[in-house]
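Participant: Have a look at this one before I ask anything.
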Amino acid sequence: MRKRWLAASYDKDLAAQIAEEHSLNPIAALLAVIRGLRDDEEIEDFFDPNPFFTLDPFALPDMDKAVERINRAIDNFECIAIFGDFDADGVTSTALLYTYLESKGANVLWYIPDRLTEGYGLSVGAVEKLKDMGAQLIVTVDNGVSAADAAERAYELGMEVVITDHHKVPDVLPRAE
């Protein structure tokens, strides 16, 4: 069965005006209009990613500890394993952190579990694989907050864990730096 897509109605003249005033592609200006952006500041904020970088990352709990541990790993040339996830934010986070750490001269590797055979999140099996790969510090991105058993296994194997995750925090947190 075929479905009909209905485009949102919009003010074509306003879209053309926004495109001209802000030197935007007409399709980008159309998106601004459809999203209800009208004043110059809203439009600039929407298309300029810089405001995202004005947020203070140290407002996140224990960010200072995570940064200190990661910097120590870089300085000591410890093997840092980034453990990601297979969805869009997990893959993106993995790529961003890997690229950054590599630019700092870190000894870094990445690992994203196979969705079908390994499932979601940091697991005991994945921790053991990372140990075999030489990891000394595991940094999770987009997962890990519910991986208490896996984090404990990492410590048993002499590794440490830094968890970055935006998912619901359970009552019992995993052991982490």
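The values are calculated or read from the model by the stated rules, or taken from the named source; none is laboratory data. All values derive from a computational prediction rather than experimental measurement. Using ideal geometry, Cβ is built from the backbone for each residue, glycine included, and neighbour counts are taken over all protein chains shown.
Participant: Quick check on Ile70: is it on the phi < 0 side of the Ramachandran plot and not in a helix (DSSP H, G or I)?
Facilitator: Judged against the criteria, Ile70 is not a match.
Participant: Can we say Asp85 is modelled with pLDDT under 95 and crowded, with 16+ Cβ neighbours inside 10 Å?
Facilitator: Spelling it out, Asp85 is indeed modelled with pLDDT under 95 and crowded, with 16+ Cβ neighbours inside 10 Å.
Participant: Let me ask something additional. Evaluate region 116-124: report whether one residue or more is within 12 Å of Phe83 (Cα to Cα) and either of a type in the set (Val, Ile, Thr) or outside the structural domain of Phe83 (by TED's automatic domain parsing) (or both).
Facilitator: No: zero hits.
Participant: Would you tally the residues in region 122-139 being under 20 Å from Ala106 (Cα atoms), part of a helix (DSSP H, G or I) and touching a residue at least 40 places away in the same chain (Cβ under 8 Å)?
Facilitator: 1
Participant: Hey, any hits in region 77-84 for a residue that's in contact (Cβ under 8 Å) with a residue 24 or more places away in the chain, of a type in the set (Asp, Glu) and assigned to a loop (DSSP other than H, G, I, E, B)?
Facilitator: yes
Participant: I've got another one for you. Residues in region 30-46: is at least one free of Cβ contacts under 8 Å to residues at least 12 places away in the same chain, in the same structural domain as Leu122 (by TED's automatic domain parsing) and not in a loop (DSSP other than H, G, I, E, B)?
Facilitator: Scanning region 30-46 turns up no residue that is free of Cβ contacts under 8 Å to residues at least 12 places away in the same chain, in the same structural domain as Leu122 (by TED's automatic domain parsing) and not in a loop (DSSP other than H, G, I, E, B).
Participant: Could you tell me whether Gly90 is touching a Ser or Thr at 6+ places or on another chain (Cβ under 7 Å) and in the same structural domain as Glu160 (by TED's automatic domain parsing)?
Facilitator: In short, no.
Participant: What are the pairs with Cβ atoms under 9 angstrom where one residue, in region 96-121, is closer than 13 Å to Val141 by Cα and part of a loop (DSSP other than H, G, I, E, B) and the other, located anywhere, is modelled with pLDDT of 95 or more and of a type in the set (Phe, Trp, Tyr)? Sequence gap at least six, or different chains.
Facilitator: Ile112/Phe83; Pro113/Phe83; Gly121/Phe83
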